[in-house]
1. Just wondering, is there one or more residues in segment 117-138 that are assigned to a helix (DSSP H, G or I), touching a Phe, Trp or Tyr at 6+ places or on another chain (Cβ under 7 Å) and more than 30 Å from ASN67 (Cα to Cα)?
2. Quick one: ASP48 ticks every box in (1) modelled with pLDDT of 95 or more; (2) charged (D, E, K, R); (3) surrounded by fewer than 17 Cβ atoms within 10 Å (Cβ to Cβ) except a single one, so which number is it?
3. Answer yes or no as to whether THR101 is of a type outside the set (Phe, Trp, Tyr) and not in a loop (DSSP other than H, G, I, E, B).
4. How many of the residues in segment 154-178 are over 19 Å from the mean Cα position of the chain (by Cα) and either at positive phi or touching a residue at least 12 places away in the same chain (Cβ under 8 Å) (or both)?
Amino acid sequence: MFPRLPPVTKALLIANGVVFALQLLLRNSSALDIFELWPIGLDQRYTDASPFMPWQLVTYGFMHDPNSVFHLLFNMLALAMFGAPLEYTWGNKRFATYYFTCIVGAALCQLGVAWWSMQSGGAVAPTLGASGGIFGLLLAYGMLFPNQRVMLLFPPIPMKARTLVIGYGVIELLLGISGAQPGVAHFAHLGGMLFGWLLIRYWRGQPPFGRRPPPRPRIVR
């Protein structure tokens, strides 16, 4: 399977794997902390917190919890499953643009949620993981191939891609609002889907980005 993957998808898989290996080697060090997505202003409250830096909008998406290899494996499996057909359909450049738009959009949404939580006295922490981009790929797959059959891993239930996207979106929204699963950036996942949806709408010339008006009919006499 791996040799047949398109180049951008393959490069993303390799990059995530290399970064994860570095995290394992440096797990007792704080050398890589500056590449996680830190809430804006958290370093002013806690001396051991790293400041927010602009590059974190991208670099956090290549990092995963070194104590949870299953999170990395799940994200990389989804990247290969959904990213490869999208890259073959869109081409390398458009696929890369889409993926990193979802990564950055997820980060912006997470920063907004973290800021609101800090203002209300809630607990916040740095964010890491490719899930924002993965959820964006899931949305795109559901939009481009809505009737394609996909299989859940747990439980192994076949369903249409469109149903899977809607189900995941609703679950993430409910978990994010209820706070029933703390420690997971549910609104970052939704942010990746939102920015991916907006970018596809932009490429298609659909609202809210406007549509080219139809040509005026001509009267033939």
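1. Taking every residue of segment 117-138 in turn, none turns out to be assigned to a helix (DSSP H, G or I), touching a Phe, Trp or Tyr at 6+ places or on another chain (Cβ under 7 Å) and more than 30 Å from ASN67 (Cα to Cα).
2. (1)
3. yes
4. Count: 1.
A quick yes/no check of all residues on (1) surrounded by fewer than 18 Cβ atoms within 10 Å (Cβ to Cβ); (2) outside any helix (DSSP H, G or I); (3) under 16 Å from the mean Cα position of the chain (by Cα):
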residue	(1), (2), (3)
ARG27	yes, yes, no
ILE34	yes, no, no
MET53	yes, yes, no
TYR60	no, no, yes
PHE70	yes, no, no
MET76	no, no, yes
MET81	yes, no, yes
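The values are calculated or read from the model by the stated rules, or taken from the named source; none is laboratory data. Everything quoted here is computed from the prediction, not taken from an experiment. Note: ideal-geometry Cβ built from the backbone for every residue, glycine included; neighbour counts use all protein chains shown.
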